[in-house]
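Each value in this text was obtained by applying a stated rule to the coordinates, not by laboratory testing. In this text the structure is predicted, and so the values were computed from the model without any measurement. Backbone-built Cβ (ideal geometry, glycine too); neighbour counts: all protein chains shown.
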Amino acid sequence: MAFVATSSSTTAISASNLARSTGSSSEPNAPRIGSFRLLDRRSAAAVNLSSQRRASSVRPVNAEPKRNDGIVPLAAAVATPEVAEKVEVEDYEQLAKQLENASPLQIMDKALEKFGNDIAIAFSGAEDVALIEYAKLTGRPFRVFSLDTGRLNPETYQFFDAVEKHYGIRIEYMFPDAVEVQALVRSKGLFSFYEDGHQECCRVRKVRPLRRALKGLRAWITGQRKDQSPGTRSEVPVVQVDPVFEGLEGGAGSLIKWNPVANVDGGDIWKFLRAMEVPVNSLHSQGYVSIGCEPCTRAVLPGQHEREGRWWWEDAKAKECGLHKGNLKQDAQEVPVNGTANRDLFEARNLVALSRNGMENLLKLEKREEPWIVVLYAPWCQFCQGMESSYVELAEKLAGSGVKVGKFQADGEQKEFAKQELQLGSFPTILFFPKHSSRPIKYPSEQRDVDSLMAFVNALR
């Protein structure tokens, strides 16, 4: 016979001692003694075997798992309840306020201390390698996972390999479901996102794999910054209850999202990477700033916002792939960008504000007395705000030249009209209406300085 504690610790006592203490060793039913119960040798052996199996199922952080295509990687594996400790209920809005002025290193240390092996860094293969460097500097163990969509640049795969070697870690890759990808490509082709938006492709290749990964965690760490995307990330806190995804325990509020570099400027991130001699994606030296899948990412020009290189055929408010869907507001016109949401743009004496009727009339005219250049804009769009001064200067230079300069607010109720009739793809869109042609010509470049715009006008008038 043997004693087994209900806490799973086992204290062995010889059968002869047990017989003396109880007066009998042949009880048909094992009685309980305090918090202990009596088991026969076969039961005790079974308990010990069960404990050994549980212990062996826990893998060390950053350990390379054995090859098994039928097992979801560690970032999505459901941990054994005996391993994960319950985190006390905490007011994360209050914690975010307390950490608002903390350094990224302090925030990272707090996150890793609080969640241990139940938290992982989401690594995209871009400048968010800074998160891995901060995690290393804490001296704490950490985990890293990444979404391999199957459509990344070769340089990004090479970068993943360099990061693994530099830090001595194994990135836990998550892949899209092959059946879902096959169905999407067979029904819509390889580049359907150029025609009907990127959301469906991102949902299959990124969002669903991420959802699987997060179901095995209680918290995750992202590289979101407030200066990254107009209208969607300007209010990102350093820590929050994830508004979209669920964690290990399931249900709303079961996952915590940490954003250690939320308050850091992109330029300062790069100063940190250079100072620490951290490996970086070689695409950055080719003009890429924000890096995603190869078909949906391109280099940006000097002075352009970094997110202009992502899904450039869509408007600014939609530049989220779904991983941070909670950042999107229901009405983008209500989202202030640098406090200018309620201020109109391109207000100048030589600029004509066109109404819907005015644009329809301009389209109908086959022979105009004067050519027009018109910008289709949205006041909340940071890219529109960025070109405001150059467009106003263009209007001043063209005053009295015979070329009219106009603007048309094409968001809200006018957006569908602008997309169907005015070639609107993203904000801003610039059109030139020649004097002797009804069909407008779309400005093809993203160089929106006054000299480039003037060259476009002079070439067509």
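Once the Cβ-Cβ distance between Phe191 and Glu347 is put in as r, and R0 is 35 Å, what FRET efficiency do you end up with, to the nearest 0.05? The formula returns an efficiency of 0.35 here.
Computed packing ranks the peptides 405-412, 360-367 as 405-412, 360-367, most packed first, by mean other Cβ atoms within 10 Å.
Here the dipole of the stretch 137-223 is about 440 debye; that uses its Cα centre as origin and unit charges on the Cβ of Lys and Arg (positive) and Asp and Glu (negative).
Converting phi to 3J(HN,Hα) with the Karplus coefficients 6.51, -1.76 and 1.60 and the offset θ = phi - 60°, the stretch 201-206 yields 5, 5, 5, 6, 8, 10 Hz in sequence order, with x at every glycine or proline.
For the stretch 250-258, putting each phi into the Karplus relation 6.51 cos²θ - 1.76 cosθ + 1.60 with θ = phi - 60° gives couplings of x, x, 4, x, 8, 9, 10, 10, 9 Hz, in residue order, rounded to whole numbers and with x for Gly and Pro.
The packing ranking, built from the mean of other Cβ atoms within 10 Å per residue, places the peptides 192-200, 214-222 in the order 214-222, 192-200, highest first. So which of Lys188/Lys215; Lys397/Lys442; Lys415/Lys442; Lys226/Lys404 end up more than 26 Å apart by C-alpha? Exceeds cut-off: Lys188/Lys215; Lys226/Lys404. Backbone amide hydrogens, once placed in the peptide plane, bring Ile256 within less than 5 Å of Ala219, Trp220, Asp242, excluding anything fewer than 5 places away on its chain.
Averaging Cα coordinates gives a centre for the stretch 118-136 and one for the stretch 409-447; these two points are 40 Å apart. 3J(HN,Hα) along the stretch 95-112: 5, 4, 5, 5, 9, 4, 9, 6, 6, x, 5, 5, 5, 4, 4, 4, 5, 5 Hz, from the Karplus curve 6.51 cos²θ - 1.76 cosθ + 1.60 with θ = phi - 60°, whole Hz, x for Gly and Pro. Ordering 174-187, 424-437, 240-253 by mean Cβ neighbour count within 10 Å, with the highest value first, yields 424-437, 240-253, 174-187. Annotation: amide H-H contacts under 5 Å for Thr429 (H modelled 1.01 Å from N, sequence separation of 5 or more, or interchain): Leu376.
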